[in-house]
Amino acid sequence: MTIAQQNLIEFRDVSWRANGGASAEIIAGVSLEVPRGGTLVLLGRSGSGKTTLLKLINGMHWPSQGEVRVEGRTTREWDATRLRRGIGYVIQEAGLFPHFTVAENVALVPGLEGWPNEKIAARVKEMLELVGLEPGEYAQRRPRELSGGQRQRVGVARALAADPPILLMDEPFGAVDPVTRAELQREFQALARRLAKTIVFVTHDLREALLLASRIVLLERGRIVANARPEDFLRVQHPEVLAFAASLDVRGSAV
Amino acid sequence: MTGFWSFLAAHQSEILSATLEHVELVCIAMAAAILIGVPLGMLIVRRAKLRAIALGIAGIFQTVPSLALFGFLIPIPFIGGIGKRTAIVALTLYALLPILRNTYVGLTEIDPAVLESAEAMGMTQTQILFRVRFPLGLAVILAGVRTATIITIGVATIAAAIGAGGLGTFIFRGVALVNDSLLLAGAIPAALLAVLADFLLGRLERRLRVT
């Protein structure tokens with residue numbers, strides 16, 4: 001019981017194959033504990049299974065073997081809709097609804113949850129302020145009238161609107177320019193500290209991982225090859241860690 | 001040409017009533033085709049087997065030559081016989097494919113990131129269908145309605161062959177009597193109707209397009 005309380009999310013020997021188990025293993029024998037609070041970064045190359053791991057948490061995928069527990073219950077036991085409404089989800093390009101205004105996008109999950117209108121309106125305002133978008137100026141705009149960075153902020157506001165304990169982020173800052181990216185990363189750090197959510201963050205950028213993570217999990221071809229605090233990560237002796245470290249170009253000084 | 005103008009002047013009330021009759025045939029058939037095609041298109045979004053059957057059958061109707069389709073329907077009880085009802089059934093069957101196909105395409109060709117986040121937010125498939133797929137696919141659905149309307153306005157001229165009236169009456173008479181004025185009195189209003197429908201529905205479609 002204490003384990004279930006400590007670990008908000010838990011993977012137990014999870015494997016996953018596409019097409020209902022007919023294809024090759026994308027995730028192979030992953031066991032992982034995600035404690036409450038903090039930012040766990042899933043790092044890996046394209047195709048290493050990072051996104052799949054994320055989708056196993058909110059029931060977009062179900063394990064072919066093993067089980068994933070969220071708040072002590074397996075994702076199969078959860079009603080998928082209930083589970084997902086308690087987990088914020090932010091993806092690259094934000095996936096905002098183009099036919100909704102910014103306010104309507106942010107109001108989505110509270111609306112699905114049947115909150116009263118005044119409460120939703122207040123929450124939308126609060127969320128937009130939280131991500132640094134002046135509600136008076138942006139609430140009634142459509143996503144196409146925003147910059148990439150602004151869309152990404154709306155994506156975060158939408159994910160946080162119903163105050164979920166868990167936030168899943170799939171390369172949320174992958175599609176914006178480097179300057180905006182650095183800005184969003186700084187704001188994200190401040191936000192993460194303030195909100196005390198449990199965040200699982202997918203990236204292929206080691207620099208981003210070192211900056212944002214309280215723990216880094218490195219994936220290689222569907223397996224976990226390193227699981228360390230950011231300050232220890234570069235000392236892990238594994239070829240894939242070295243490969244990532246080489247991409248940093250500052251390895252000498254970091255070791 | 002002077003013959004044609006004097007013919008128009010002499011028969012304007014008949015031409016007008018034939019045009020109205022034509023519009024009536026088209027409107028009823030289109031309403032029926034939309035009421036069948038759009039819900040059916042929504043139904044087949046996530047049902048592959050039903051999709052193959054529905055699109056297959058609608059495709060068959062479309063390949064039957066229109067005059068033959070009218071002919072086939074005449075002996076069928078309840079919907080058959082000579083007159084408007086048979087014509088409307090045939091026109092509906094004819095209009096079905098473009099509407100059904102565009103509804104399916106409009107509802108399925110949605111930005112995958114939008115569908116993924118809708119699902120991840122905890123929307124049910126029904127909510128995604130009505131609140132995401134439908135509004136985003138509406139312009140494509142309407143493009144199907146526009147295509148179907150233009151086809152139906154043309155095919156409806158053949159309905160006169162089974163006694164359903166409309167502008168085809170003039171055309172068939174014109175062909176039988178080798179009379180150009182009669183032929184044009186049917187063909188020109190039908191063409192104008194098609195152009196008008198194309199223009200109006202095209203405008204509506206552009207207005208509904210979400211970028």
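Some observations on this one:
- Compactness of the protein assembly as shown as Cα Rg over 2.2 N^0.38 Å, two decimals: 1.34
- Considering only A:Ala175, A:Ala24, A:Ala107, the mean-square fluctuation computed in a Gaussian network model of chain A, springs between alpha carbons under 10 angstrom, is largest for A:Ala24.
- Shape call, segment A:1-94: gyration tensor on alpha carbons, a/c limit 1.5: rounded
- Alpha-carbon centroids, segment A:171-218 and segment B:12-26: separation in whole Å: 67
- With the charge dipole of chain A set up from +1 on Lys and Arg Cβ and -1 on Asp and Glu Cβ about the Cα centre, the Cα lying farthest toward the positive end among the listed residues A:Trp62, A:Ile120, A:Leu184 is that of A:Trp62.
- Cα pair distances in segment B:54-206, grouped into 10 Å bins until the bin that holds the longest one, percent each: 11, 29, 29, 18, 9, 4, 1
- Footprinting exposure proxy for B:Ser117, A:Ser147 (fewest neighbouring C-beta atoms within 10 Å first): A:Ser147, B:Ser117
- GluC sites (Glu not before Pro) within segment A:88-175, DSSP loop, no more than 16 other Cβ atoms inside 10 Å: A:Glu113
- Along the axis of the charge dipole computed for chain B (Cβ charges of +1 for Lys and Arg, -1 for Asp and Glu, origin at the Cα centre), the listed residues B:Gln12, B:Ile150, B:Ala120 are led at the positive end by B:Ala120.
- Rounded if a/c under 1.5, otherwise prolate or oblate - segment A:77-122, Cα gyration tensor axes: oblate
- Restricting the chymotrypsin sites (Phe, Trp or Tyr not before Pro) of segment B:65-149 to loop positions (DSSP other than H, G, I, E, B) with no more than 13 neighbouring Cβ atoms within 10 Å leaves B:Phe78.
- Multiplying the residue separation of A:Leu242 and A:Arg36 by 0.36 nm and subtracting their alpha-carbon distance yields 71.2 nm.
- Average Cα contact separation per residue, segment B:93-177, under 8 Å, 6 or more apart, as relative contact order %: 34
- With contacts taken as Cα pairs under 8 Å at a separation of at least 6 residues, chain A carries a relative contact order of 25 percent.
- In chain A, a dipole from Cβ-located charges (positive for Lys and Arg, negative for Asp and Glu) runs towards its positive end, and of A:Gln150, A:Ala243, A:Val217 it is A:Val217 whose Cα lies farthest in that direction.
- Within the protein assembly as shown, percent of DSSP bridges classed antiparallel, to nearest 5: 50
- Highest-fluctuation residue, A:Gly66, A:Gly44, A:Gly155 considered, GNM on chain A with Cα pairs under 10 Å: A:Gly66
- Extents of segment A:138-255, taken as max minus min of Cα coordinates on every principal axis and listed largest first, are 51, 29, 27 Å.
- About the Cα centre, charge dipole magnitude for segment A:18-116 (Lys/Arg +1, Asp/Glu -1 at Cβ), debye: 140
- By DSSP, the beta bridges lying fully in chain A are antiparallel in about 50 percent of cases.
- Placing dummy labels 7 Å off each Cα toward the beta-carbon, the span from A:Gln65 to B:Leu200 is 6.5 nm.
- Net length available on complete extension from B:Ala176 to B:Glu109 is 19.3 nm, with 0.36 nm assigned per residue and the Cα-Cα distance removed.
- Whether segment B:67-126 is rounded, prolate or oblate, judged on the alpha carbon gyration tensor where a/c under 1.5 counts as rounded: prolate
- Residues listed by number, segment A:142-156, amide nitrogen under 11 Å from B:Val210 label point at 7 Å toward C-beta: A:143
- Label zone at B:Ile28 (point 7 Å along Cα-to-Cβ), backbone N below 12 Å, segment B:83-105: B:83-92
- Dmax and Rg, reported as Rg then Dmax, of segment A:63-203 (C-alpha, Å): 15.3, 49
- Mean sequence separation of contacting Cα pairs (under 8 Å, at least six apart), scaled by the length of segment B:1-160, corresponds to a relative contact order of 31 percent.
- Put in line by how crowded their Cβ is, counting other Cβ atoms within 10 Å and starting with the fewest, B:Ile15, B:Ile79 read B:Ile79, B:Ile15.
- Distance histogram for chain A (every C-alpha pair counted, 5 angstrom bins, percent rounded to whole numbers): 1, 6, 13, 17, 18, 16, 13, 9, 5, 2, 0, 0
- Residue of A:Arg76, A:Arg194, A:Arg85 that the Gaussian network model of chain A assigns the largest fluctuation, springs spanning Cα pairs under 10 Å: A:Arg194
- Charge dipole magnitude, Cβ of K and R +1, D and E -1 - chain A, Cα centre, debye nearest 20: 220
- With coordinates expressed along the principal axes, the C-alpha atoms belonging to segment B:1-43 extend over 55, 18, 6 Å, beginning with the largest.
- Loop-resident GluC sites (Glu not before Pro) (DSSP state other than H, G, I, E or B) in segment B:110-211 with no more than 12 further Cβ atoms inside 10 Å of their Cβ are absent.
- Estimated dipole of the protein assembly as shown in Debye, rounded to 20 [Cβ of Lys and Arg +1, of Asp and Glu -1, Cα centre]: 520
- From least to most packed, judged by other beta carbons within 10 angstrom and beginning with the fewest, B:Met30, B:Met42 follow the order B:Met42, B:Met30.
Values in this text are rule-based calculations from the coordinates and carry no lab data. All values derive from a computational prediction rather than experimental measurement. Heads up, the Cβs are rebuilt from the backbone with ideal geometry, glycines too, and the neighbour counts pull from every protein chain shown.
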